[in-house]
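Reading through the structure tokens given below for one structure.
The values are calculated or read from the model by the stated rules, or taken from the named source; none is laboratory data. What you see is a predicted model; the values in this text were computed from it and never measured. Glycine gets a Cβ as well: all are built from the backbone with ideal geometry, and neighbour counts include every protein chain shown.
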Ligand code: ATP
Ligand code: MG
């Protein structure tokens, strides 16, 4: 298996290196051949090549089985962008588009022992285990923009095909879990949501074993803090998914724990990254929580290599360490990135 590593900026290189070390160990013990290749991306690539997504990086990603990314961006690049420099984040949007990634999988579960890290009461948050499947190519993010002095416009386009393919990903995921799919929209207001709802119902005909429900996004924002444990898989459009999955990462503890996978057509490479950003405030201190990145490597093994056993072994090692009291500073503890790595390796 060929994996392209994009360390990126801020804490990206620290958490990425940690995740690669765990990935190597898991592959070695399961006899999975692993070939890694590191490339410049984001702000680091702007510094080196003046381009957040250099052609050599893009070519390597398209030719790999999977891509593991740290994080991109930082205040230095935000400042430079005001004077016309390219933005690191533009590299990420271009990479997602070029790789044809349309489904962003963001699992959020409450790990044993982390009840006190949640802002919710233990009785409310207990047993929370939700997979958000966020549509990644449509919605407000890629709309045409008209920017005048006193008027601005963002469009929210969706096609049947775009909704169908992400709905299939979500139904497949629900089939492998508790069998409940919650489709989140704003069908009482948005035309795209009414299209969305109809298409999801059509796709449901091929998955009669999965229970489907529709929930409006405003109600969903409320349910996630009042009854998070009643949900299983949630499928929704780009912006709703962005907002709801950040809400959920806080519900189950720290943003430093949350992994993600971005998938395209079957057989094409996937992109795996922790959901947190480059965390410039703690970059270089060796205290970043690497668990989001480590769990992203587990998702890589599951979705891009079909190595369920190796993926589950990494997840079990992380769960064991957290239950055993491993706490980085974001979880109120004093464990360093290296301490977390050593703990996960020995549990593995
Ligand atoms: P972006 O715009 O890229 O999302 P951001 O500044 O909005 O970046 P993060 O970089 O995710 O958001 O940081 C938000 C806060 O969470 C910061 O205080 C950061 O230190 C903290 N944080 C993020 N990731 C981690 C991590 N892996 N370990 C510890 N703290 C983290
Ligand atoms: Mg952010």
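Remarks
- Of all residues in segment 250-274, those satisfying the criterion of being within 10 Å of ligand 1 (Cβ to nearest atom) and surrounded by fewer than 23 Cβ atoms within 10 Å (Cβ to Cβ) are 254, 255.
- Of the strands (runs of 3 or more DSSP E) lying entirely inside segment 1-108, those containing at least 3 residues that are within 16 Å of ligand 2 (Cβ to nearest atom) are 66-71.
- Within segment 201-217, the residues that satisfy the criterion of being in a loop (DSSP other than H, G, I, E, B) and loosely packed, with under 13 Cβ neighbours inside 10 Å are 205, 206, 208, 209.
- When residues in segment 283-319 are screened for being closer than 16 Å to residue 339 by Cα and part of a loop (DSSP other than H, G, I, E, B), 7 of them pass.
- Screening 65, 129 for residues that are under 30 Å from residue 305 (Cβ atoms), surrounded by fewer than 19 Cβ atoms within 10 Å (Cβ to Cβ), in the same structural domain as residue 180 (by TED's automatic domain parsing) and modelled with pLDDT of 95 or more leaves exactly one candidate, 129.
- Looking across 153, 181, 114, one residue alone is assigned by TED's automatic domain parsing to the domain that holds residue 217 and either in contact with a helix residue (DSSP H, G or I) (Cβ under 7 Å, 6 or more places away or on another chain) or crowded, with 21+ Cβ neighbours inside 10 Å (or both). It is 181.
- Figure legend. Inter-residue proximity from segment 262-290: first residues free of Cβ contacts under 8 Å to residues at least 40 places away in the same chain and in the same structural domain as residue 330 (by TED's automatic domain parsing), second residues in a loop (DSSP other than H, G, I, E, B) and surrounded by fewer than 21 Cβ atoms within 10 Å (Cβ to Cβ), beta-carbon distance below 9 Å, spacing 6+ or different chains. Indicated pairs: 285/336.
- Output for segment 259-270, where each listed residue is more than 9 Å from the chain's Cα centre (by Cα) and either at pLDDT 95 or above or closer than 14 Å to residue 64 by Cβ (or both): 263, 264, 267, 268, 269, 270
- Just one of the listed residues (81, 94) is assigned by TED's automatic domain parsing to the domain that holds residue 303, out of contact with any strand residue (DSSP E or B) (no Cβ under 8 Å at 6 or more places or on another chain) and within 16 Å of residue 137 (Cβ to Cβ), namely 94.
- Those residues of segment 276-306 which are within 12 Å of ligand 1 (Cβ to nearest atom) and within 14 Å of residue 261 (Cα to Cα), in sequence order: 276, 292, 293, 294, 295, 296
- Out of 247, 237, sole residue that is on the phi < 0 side of the Ramachandran plot and either within 16 Å of ligand 1 (Cβ to nearest atom) or assigned by TED's automatic domain parsing to the domain that holds residue 78 (or both): 247
- Looking across segment 218-249, the residues that are touching a strand residue (DSSP E or B) at 6+ places or on another chain (Cβ under 9 Å) and assigned to a loop (DSSP other than H, G, I, E, B) come down to 231, 232, 237.
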